[in-house]
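Asker: Just dropping this structure here.
Each reported figure results from applying straightforward, stated rules to the coordinates on display, with no laboratory input. This one's a predicted model, so the numbers in the text were calculated from it and none came from an experiment. Counting neighbours? That spans all protein chains shown, and the Cβs are built from the backbone with ideal geometry, glycine included.
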Amino acid sequence: MNTSDVLAHRLRNQKLSSPDFAEPAEVVRWFGAVQAQDFNAAKWALALRMCEATNAAIKSAYDEGRIVRTHVMRPTWHFVAREDIRWLLQLTAPRVNIKSGSGYRMFELDAATFKRSNKVIANALKGGKHLTRSALKTLLNRAGIAADNPVRLAHIVLRAELDGVVCSGPMAGKQFTYMLFDERVPATKALTREEALAELARRYFKSHGPATVQDFVWWSGLTVADANRAIELIDRDLRKEMVEEKLYVRPRLAGAATRAKYSTHLLPAFDEYNVAYKARHLVMDAQSQLSTWGFLGPMIIVDGKAVGTWKRAGDKGITLNTSNGLNKSHKLAIAAAVERYTAFLGLDEQ
């Protein structure tokens, strides 16, 4: 296996070259979690892995709670399937709290304060209510918990998510809302810690492999020791190979090969194809000149390699910034990828 093989396997396992999912929740479940701090970008990330998808359909899945947006694994939002969120939080919330500790201390947020803020938020949301962050700020201030500083408020709500008090509710116009976690997320069978470690590793390497242990540590937020233990637990299901003096891990059984439907993509910002790996040099095309942001921002890829960047220009237009040396077939494929994205948005979607 060489680097080209690594990219080909990733395109397939990430469901970019041959998307076959019908529902947004199927995509999220396949990955385990999909980074989603940029809500519109994350919706497009799901659509890229689906046979057919519209912006409205994915928003509907979100509004109905079939996919949930909350903080897991790393201190950022992810889409998670509602049946997975409990075991993921149990496994990864302690690590996110550790990484958020300096912010908690900066804003004098201790266990006693979080106990009070969680109670205020929970009481406000009882009975299926969904409230915006602004509304929660008002209620917290009224209860004597200072929340005017937006970063302090963000840490208060982050802790409520990590404690399993709240998660995402339906959109209120263009504003995000929160609902009570237990009213939004059905009860599921609890996993032991080792079962959760094994499941997270299984999801990651199935959907992101081939990848290194360091990639898995970065994506999951686990310690190196926990990551190694997780891999050990599912070792018989994995295949390990050296590529350019690095050990890559991928599923032993990849399933029947399917013909690639797409070779060119407009990846959104923070797409799993880029953000889920600590080392991102494999996707760099020799002629592209991407910045650090370029690796995580909206990217054009052809056959797994980055050949430029893109951005929306107004309601319907797309601005492309591509590298030199693209041939006619590449340009036609990029044009088709642009059409796919504009079709996803729909005529009246924002």
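Asker: What spacing in nm lies between the two simple spin-label points modelled at Q37 and D303, each 7 Å away from Cα in the Cβ direction?
Answerer: 3.4
Asker: Figure the gain on full extension for I98 and N321 (residue separation times 0.36 nm, minus the Cα-Cα span) and round it to one decimal in nm.
Answerer: Full extension from I98 to N321 adds 76.3 nm.
Asker: Sticking with the crude label model, points 7 Å out along Cα→Cβ, report the distance from T138 to K311 in nm, one decimal please.
Answerer: 3.5
Asker: Measure off 7 Å from each Cα along the Cα-to-Cβ vector at M171 and E64, then give the distance between these two points in nanometres to one decimal.
Answerer: Inter-label distance under the simple model: 1.6 nm.
Asker: Given the alpha-carbon gyration tensor of the stretch 21-184, what are the semi-axes of its equivalent ellipsoid in whole angstrom, ordered largest first, with each equal to the square root of 5 times an eigenvalue?
Answerer: Computed over the stretch 21-184, the values are 28, 17, 13 Å.
Asker: Of L140, S117, S207, which is farthest towards the positive pole of the stretch 91-220's charge dipole, taken about the Cα centre with +1 and -1 on the beta-carbons of Lys, Arg and Asp, Glu respectively?
Answerer: Going by the Cα projections, it comes out as L140.
Asker: Moving to a separate point now. Taking amide H positions as placed in the peptide plane 1.01 Å from N, state which residues far from M284 in sequence (5 or more) or on other chains have amide H under 5 Å from it.
Answerer: Placed amide hydrogens put A306 under 5 Å from M284.
Asker: Ranking W310, W30 by Cβ neighbours within 10 Å, fewest first, what do you get?
Answerer: With the sparsest Cβ surroundings first, the list reads W30, W310.
Asker: Moving on. Please pull out the direction-averaged projected area of the chain, using the convex hull of its alpha-carbon atoms, in nm² to one decimal place.
Answerer: Orientation-averaged projected area of the Cα hull: 18.3 nm².
Asker: Please work out how many pairs of lysine residues in the stretch 21-184 are eight or more positions apart (or on different chains) and have Cα atoms closer than 23 angstrom.
Answerer: Qualifying lysine pairs in the stretch 21-184: 15.
Asker: Calculate for the chain the 222 nm mean residue ellipticity that helices alone would give, adding -39,500 (n - 2.57) per DSSP H run of length 4 or more and normalising by residue count, nearest 500 deg cm²/dmol. All intermediate terms of the calculation are to be shown ahead of the outcome.
Answerer: Values: 16 runs with 162 residues, N = 350.
That calculation yields -13500 deg cm²/dmol at 222 nm.
Asker: Then there's this: Straight-line reach only, C-alpha to C-alpha below 26 angstrom: list the lysines that K328 could link to, leaving out same-chain residues fewer than 8 apart.
Answerer: K15, K261, K305, K311, K316
Asker: Could you line up H9, H78 from fewest to most neighbouring Cβ atoms inside 10 Å?
Answerer: H9, H78
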